[in-house]
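See structure below.
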Amino acid sequence: MIGYIVRRLLAAVTIVIGVALVMFAILHYLEPSPAYAVLTTKASPYAVKVWDQQHGYDRSEIAQFLSYLGNIAHLNFGYSYKLDQSVAALFKENAGRSVYLSGAALVLSLIIAIPVGIAQAVKRNSPGDYAVTTLNFALYSMPSFFLGLILIQIFALDLNVLPVGVSGSVTTTWQAIAHPKQMLLPIVTLALLNVASFSRYMRSSALDELAQDYIRLARAKGLAERAVLWRHLLRNACLPIITLIGLSIPSLLAGNLLIEWLFNYPGLGMMFFTALSNEDYDVLLAYTLVGAILTVIGNLLADLAIAVADPRVRLD
Amino acid sequence: MTDAEDRSPEGGEVRAIASGWKLAAREYLDNRLAVFALLILLLIVLFAFLGPVFYHTNQSLTDVLNGNLAPGAKPIFGGGAGHPLGTDEHGFDELGRIMLGGQSSLEIGFFAAAVAIVIGTVYGAVSGLIGGFLDGLMMRVVDILLSIPFLLVVLVLATKYSGTITEISLLFGIFSWLVPARLVRGEVLSLRTRDFVVAAHAMGASRTRLIFRNLIPNAISVTIDNTTFLIADSILSLAYLGALGFGLTYPHTSWGDMLGNAQTYINQGRWWLVWPVGGLLVIVVLAFNIVGDALRDSVDVRLQRR
């Protein structure tokens with residue numbers, strides 16, 4: 001087990017270094033030096049050269065990459081010259097609200113997807129099963145912002161029970177938590193997108209488990225169907241969900257970007273969108289890099305969590 | 001198709017695969033939903049590409065005075081017939097615009113998938129045939145690129161390289177060949193020990209010949225369903241790019257570009273600028289996903305889609 005963890009960690013570190021190399025290459029390709037961003041486009045070539053020398057942008061690519069890697073190791077993700085703030089500070093400022101949005105959405109999607117998937121498996125090939133499968137397929141094929149638009153149209157404009165977006169006065173994480181009514185639409189939109197893929201996996205996992213002997217035994221010994229499902233089936237059928245949560249990180253990040261943009265919610269996704277319009281490459285690549293690192297960590301944790309949760313899995 | 005193939009004797013692969021394709025086609029045609037989805041796709045392709053031949057609209061000159069007309073409303077200036085789906089804020093006929101946007105959305109979907117399949121197939125076949133250390137290295141590169149969130153990296157590059165159909169297709173293709181590469185490599189690993197490949201090698205076929213004449217033609221079927229998923233994903237990603245403002249530039253447009261201001265449109269009650277184009281977008285992506293799902297069942301390739 002320990003040997004496995006060490007090997008997986010080493011592999012994860014190599015992948016992260018590889019990702020950093022790709023990110024550095026893209027950054028270097030798009031913007032070899034931020035000199036013009038700092039000194040404005042009117043700067044003289046001489047001034048640019050001096051700035052490059054002062055800030056180390058005249059060194060070889062390898063030297064620059066090594067210092068980029070060193071900076072990342074110290075959690076220094078660069079500097080946003082457009083916003084005159086370090087990228088790390090920007091992350092710190094915005095991360096809380098994004099974690100709240102994604103976390104709430106993730107919990108909500110599990111609360112919906114797990115019972116729905118099990119119910120579908122138990123009543124497989126019934127009209128209800130087909131209806132939910134079709135709905136999931138449609139949700140899966142829908143751009144996240146379009147689902148948001150549909151919900152806005154129904155709940156904000158037609159029924160007029162929820163606000164259209166998050167108001168500009170919500171600037172801190174606590175304010176976001178204190179205004180559940182404003183947060184309901186963004187959270188539900190993001191959650192429904194996850195429900196589509198989660199319940200699909202949950203259904204097939206529950207189908208596999210339902211065919212197992214222990215379920216037949218539990219039924220044979222006269223357990224109530226409820227106990228069979230909730231006590232025996234649920235725990236085993238949920239195992240693939242652990243992996244799925246680990247794998248859902250990229251889609252959560254992308255979802256965050258579109259949902260925060262649509263509902264005007266100030267988080268990491270909004271920070272990324274602003275950076276796109278500003279061509280603020282340090283911020284853009286730092287966020288992408290952090291996303292990649294989270295993906296690697298998510299995969300790793302999912303594998304380890306499976307090993308802990310499922311005694312049948314032997315890692316060595 | 002595996003049934004027939006599994007039972008076929010050694011050396012009988014060529015005939016077995018031919019009948020396998022026929023079986024796969026029959027299996028596909030048995031799936032009514034999948035046939036329906038294919039039909040819908042065909043209709044939408046005809047609508048987008050042949051529609052403008054019969055339904056002429058001016059999609060290059062703005063007509064702001066007649067902007068924001070509701071469906072069927074008489075033009076305020078210049079007279080003439082109303083617009084079946086109204087006009088947008090620039091005065092473009094919305095129905096004609098949906099056709100134009102559909103063309104670029106579908107083209108980018110197909111081109112991006114083609115780029116990804118070509119890169120992925122060659123990369124996977126080379127990696128699988130070479131084997132050993134180099135194979136390991138090539139697959140680690142795939143692992144690395146797979147852990148970079150697709151939409152984020154594509155958006156970053158789209159700040160400089162987007163605007164034309166070619167640029168966006170290449171951008172998508174360059175970051176989505178990873179799954180096909182893995183699939184083809186897996187298939188090549190099993191193919192390269194088969195007798196017909198060993199025989200070709202013994203007869204002195206070069207590696208290039210092995211890859212392009214023996215391995216790729218036999219391995220390509222594992223990417224078929226993935227291709228349709230790639231098209232669906234590319235159309236979705238294009239919608240995201242367009243909506244965020246990094247899609248095609250004037251005079252081109254895509255369905256995503258048309259939805260960039262959708263939030264404002266629905267707030268102001270201009271529903272005709274949102275639901276028809278958005279609905280069509282969802283239908284197309286849904287249809288491609290259904291076709292892909294059915295293809296997966298009919299060619300019976302076991303793979304998990306992330």
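The values are calculated or read from the model by the stated rules, or taken from the named source; none is laboratory data. As the structure is a prediction and not an experimental result, all values here were calculated from the model. All Cβ positions, glycine included, derive from the backbone under ideal geometry; neighbour counts span all protein chains shown. Accessible surface areas use protein heavy atoms only, side chains included; no ligands, DNA or RNA. Shrake-Rupley method; radii C 1.70, N 1.55, O 1.52, S 1.80 Å.
Residues in region A:225-240 include none that are at pLDDT 85 or above, over 18 Å from residue A:95 (Cβ atoms) and within 14 Å of chain B (Cβ to nearest Cβ). Set side by side, the residues A:96, A:78, A:18 differ, and just one is on the phi > 0 side of the Ramachandran plot and either charged (D, E, K, R) or touching a helix residue (DSSP H, G or I) at 6+ places or on another chain (Cβ under 9 Å) (or both), which is A:78.
Could you check how many residues of region A:67-94 are within 19 Å of residue A:57 (Cβ to Cβ) and in contact with a Gly (Cβ under 6 Å, 6 or more places away or on another chain)? The qualifying residues number 1. Residue pairs whose Cβ atoms lie under 6 Å apart, sitting 6 or more positions apart in sequence or on different chains, and linking a residue in region A:280-303 that is more than 10 Å from chain B (Cβ to nearest Cβ) to a partner that is charged (D, E, K, R), are A:300/A:8.
As a summary of the residue check, residue A:97 satisfies the conditions (1) out of contact with any Gly (no Cβ under 6 Å at 6 or more places or on another chain); (2) open to solvent by less than 40 Å² (accessible area, probe 1.4 Å); (3) not polar (S, T, N, Q) except for the one numbered (1). Please verify whether residue A:157 is at the interface with chain B (Cβ under 10 Å from one of its Cβ atoms) and more than 21 Å from the chain's Cα centre (by Cα), treating the condition exactly as stated. Spelling it out, residue A:157 is indeed at the interface with chain B (Cβ under 10 Å from one of its Cβ atoms) and more than 21 Å from the chain's Cα centre (by Cα). Once region A:264-279 is narrowed to residues that are buried (at least 16 other Cβ atoms within 10 Å of the Cβ) and among the polar types (S, T, N, Q), the residue that is nearest to the other protein chains (Cβ to nearest Cβ) is A:278. Give just the number: which of (1) at negative phi; (2) in contact (Cβ under 8 Å) with a residue 60 or more places away in the chain; (3) surrounded by fewer than 21 Cβ atoms within 10 Å (Cβ to Cβ) does residue B:117 not satisfy? Going through the list (1) at negative phi; (2) in contact (Cβ under 8 Å) with a residue 60 or more places away in the chain; (3) surrounded by fewer than 21 Cβ atoms within 10 Å (Cβ to Cβ), residue B:117 breaks only (3). Residues that are open to solvent by less than 20 Å² (accessible area, probe 1.4 Å) and among the charged types (D, E, K, R) within region B:55-94 comprise B:88, B:93, B:94, listed in sequence order. Only one of the numbered conditions (1) surrounded by 17 or more Cβ atoms within 10 Å (Cβ to Cβ); (2) under 17 Å from residue A:275 (Cα atoms); (3) of a type in the set (A, V, I, L, M, F, W, C); (4) under 25 Å from the mean Cα position of the chain (by Cα) is violated by residue A:37, and that is (4). Counting only helices (runs of 4 or more DSSP H) that sit completely within region A:1-119, zero hold 1 or more residues that are in contact with a strand residue (DSSP E or B) (Cβ under 9 Å, 6 or more places away or on another chain). What do you reckon, is residue A:159 closer than 30 Å to residue A:118 by Cα and open to solvent by 30 Å² or more (accessible area, probe 1.4 Å)? Judged against the criteria, residue A:159 is not a match. Among the residues of region A:40-56, what is the count of those that are open to solvent by less than 70 Å² (accessible area, probe 1.4 Å) and aromatic (Phe, Trp, Tyr)? So the count comes out to 1. Taking first residues from region B:152-175 that are away from every other protein chain (no Cβ under 14 Å) and part of a loop (DSSP other than H, G, I, E, B) and partners that are of a type outside the set (D, E, K, R) and surrounded by fewer than 21 Cβ atoms within 10 Å (Cβ to Cβ), the Cβ contacts under 9 Å between residues at least 6 apart in sequence or on separate chains come to B:163/B:249; B:163/B:252; B:164/B:249; B:164/B:252. Taking residues in region A:190-209 that are outside any helix (DSSP H, G or I), and partners anywhere that are open to solvent by 30 Å² or more (accessible area, probe 1.4 Å), not one pair has Cβ atoms closer than 9 Å while being at least 6 places apart or on different chains. Residues in region A:108-128 that are touching a residue at least 24 places away in the same chain (Cβ under 8 Å) and not basic (Lys, Arg): A:108, A:109, A:110, A:112, A:113, A:114, A:116, A:117, A:118, A:120, A:121, A:122.
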